[in-house]
Amino acid sequence: MGVLYLFVRDGKVFIPPSFWKVSWFSAGGSSGVRLSLSRLSVCVLALWSLGAIIFYELEQEYTCEDAGETFKSARECTKKVKLFDAFYFVFITLTTIGYGDVVPSSVYSRLFVLVFTLLGLGLFSTFLDVMGAWRTSMLQQLKQSASFGDFLEATIVLLVVLGAGTMGLSWIEDLELVDALYLCVTTVTTVGYGDLKPVTFWGRVFVIMLAMCSISTIGYVTSCIGDLIQPDSDTAIGFGGDETQWNLSFLDRFFGRKGGEKEFSLSASWKMKFFLFSKIFLLLFSSVLVMRYFEPHMSFTDCFYWSVMTFTTIGYGDFAPLSTGGKIAQVVLCLLGLGLFSVYTGVLGEWRKSMSNKSVWNESLLGLQAIF
C-alpha cells in the first residue's frame with residue numbers, strides 16, 4: 001500500500017507530483033504523521049457503505065404505487081428510500097451539502113444520523129482535503145511549467161470546476177445554464193439550499209463525483225480570493241497573505257492603511273481586526289442591498305439572515321433567490337465572501353482560544369499565590 005505524505009510549511013500544504021509518495025512534515029520541519037492514501041480510501045468507503053446500509057435498514061417508510069399513498073407497512077409496497085438513495089444521502093450529509101431531498105423519517109434513523117455524522121465528518125473531511133491538496137499540487141506543477149501566477153491559477157481552477165459542473169448539470173438535469181451554475185456553486189461550496197437539487201439517478205451520481213472532486217479545490221480558491229481582499233490574514237491558506245507580494249487591497253488603501261509590514265498577525269493587532277471587521281460589514285451590507293434589489297419579496301431582515309446563512313454555508317433553504325439576477329448575484333457573493341468570512345470566523349476562534357489560555361494562566365498564578 002502506498003503511503004501518502006503531506007508537506008506542511010508555514011501553514012501551507014505542499015504535495016509532490018507522485019500521488020502515492022507524499023510526506024507530512026510539521027511547520028518546524030520534523031517528520032510527523034503519515035497517512036496511507038489507500039487505507040484512508042478503504043476506511044472512507046467502508047464508512048460510507050456502513051452508514052448507507054444502516055440508514056437503509058432503519059428507514060421503514062413504504063410507498064404504494066397503486067393508491068399513491070405512504071404507509072408504514074411493507075404490504076405490496078416498495079421502500080420509499082432505495083439503497084442508492086441511502087448512499088446518496090450519506091454522502092450529501094458527510095459533505096455537509098444537505099439538500100434536504102432525502103431525509104430520515106423515523107426517530108431511530110434520526111438518532112443514527114446524529115451519531116454517525118459526529119463520528120464520520122472528521123474522516124470524510126480528511127479524505128476530501130487530501131484529494132484537494134493533491135489536485136492543487138498538480139496545478140502547482142502546471143503553473144511552474146507554464147510560468148503563470150497564483151491568481152491565474154485560481155482563475156483556471158474556478159473556470160474548470162464551474163464550467164464542467166455547469167455543463168454537466170445542465171445536460172443531465174435539463175436545466176437552464178443559470179440554474180445549473182447556481183446548483184453547481186451551492187453544491188461545491190456546501191451551501192446546499194435545496195431549492196434546486198438533482199432529481200435523476202445520473203444527476204445524483206454526477207453531483208457525488210462533482211462534490212468529491214471540487215469541494216476542497218473550491219475551498220482553496222475562495223481562500224485565495226479571501227487573501228486578495230484581506231492580504232494580511234494569518235489564518236488564510238491561499239496566496240499566503242504576504243503584503244510585500246500582493247500589496248494592499250483597494251479597501252485597505254481606501255481606509256488609508258499603510259503598507260510595508262513584513263510580519264504581522266491579524267488576531268494580535270486591533271488595526272488588523274478593524275480592517276477585517278470593516279470588510280465583513282461592507283460584505284454583508286452589499287449582500288443585503290443586492291439581494292433586496294433582485295428579490296423584492298424578501299425584507300431587509302430576510303436578506304441579512306440569508307446572507308449570514310450563506311456565508312457560513314449553513315444554507316437552510318427557507319430563503320433562496322428565485323430570479324435569474326438573484327441566482328447570479330448569489331454565485332458572485334459566494335465566491336467573494338466565503339474566504340473572507342472564513343478568515344473572520346478563524347479570528348473569532350483564535351480570540352476565544354487566547355482568552356482561554358489567559359484564563360488558564362491566571363488560574364495558575366492564583367494557584368501559585370495560594371501555595372506561597
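The values are calculated or read from the model by the stated rules, or taken from the named source; none is laboratory data. The shown structure was predicted, so the numbers you read here are calculated from the model rather than taken from an experiment. Ideal geometry is used to build each Cβ from the backbone, glycine not excepted, and the neighbour counts take in all protein chains shown.
Annotations
- Qualifying residue in segment 44-62 (condition: modelled with pLDDT under 85 and not aromatic (Phe, Trp, Tyr)): yes
- Hits in segment 158-196 - residues which are in contact with a Leu (Cβ under 9 Å, 6 or more places away or on another chain), more than 19 Å from Phe341 (Cβ to Cβ) and of a type in the set (Val, Ile, Thr): Val161, Thr166
- If you check Val191, Val205 for being closer than 18 Å to Phe311 by Cβ and either without any contact (Cβ under 8 Å) to a residue 24 or more places away in the chain or touching a Cys at 6+ places or on another chain (Cβ under 8 Å) (or both), only one passes: Val191.
- Selection within segment 198-223 - over 27 Å from Val130 (Cβ atoms) and either small (Gly, Ala, Ser) or not in a helix (DSSP H, G or I) (or both): Val199, Thr200
- Ser267 in a helix (DSSP H, G or I), buried (at least 18 other Cβ atoms within 10 Å of the Cβ), at pLDDT below 90 and out of contact with any helix residue (DSSP H, G or I) (no Cβ under 6 Å at 6 or more places or on another chain): no
- Across segment 286-331, the number of residues qualifying as small (Gly, Ala, Ser), part of a helix (DSSP H, G or I) and in contact with a Phe, Trp or Tyr (Cβ under 7 Å, 6 or more places away or on another chain) comes to 3.
- Residue within segment 175-186 that is more than 18 Å from Tyr88 (Cα to Cα), among the β-branched types (Val, Ile, Thr) and in a helix (DSSP H, G or I) present: yes
- Single residue of segment 27-43 satisfying the filter (of a type in the set (A, V, I, L, M, F, W, C) and at pLDDT below 65) that is farthest from Phe112 (Cα to Cα): Ala27
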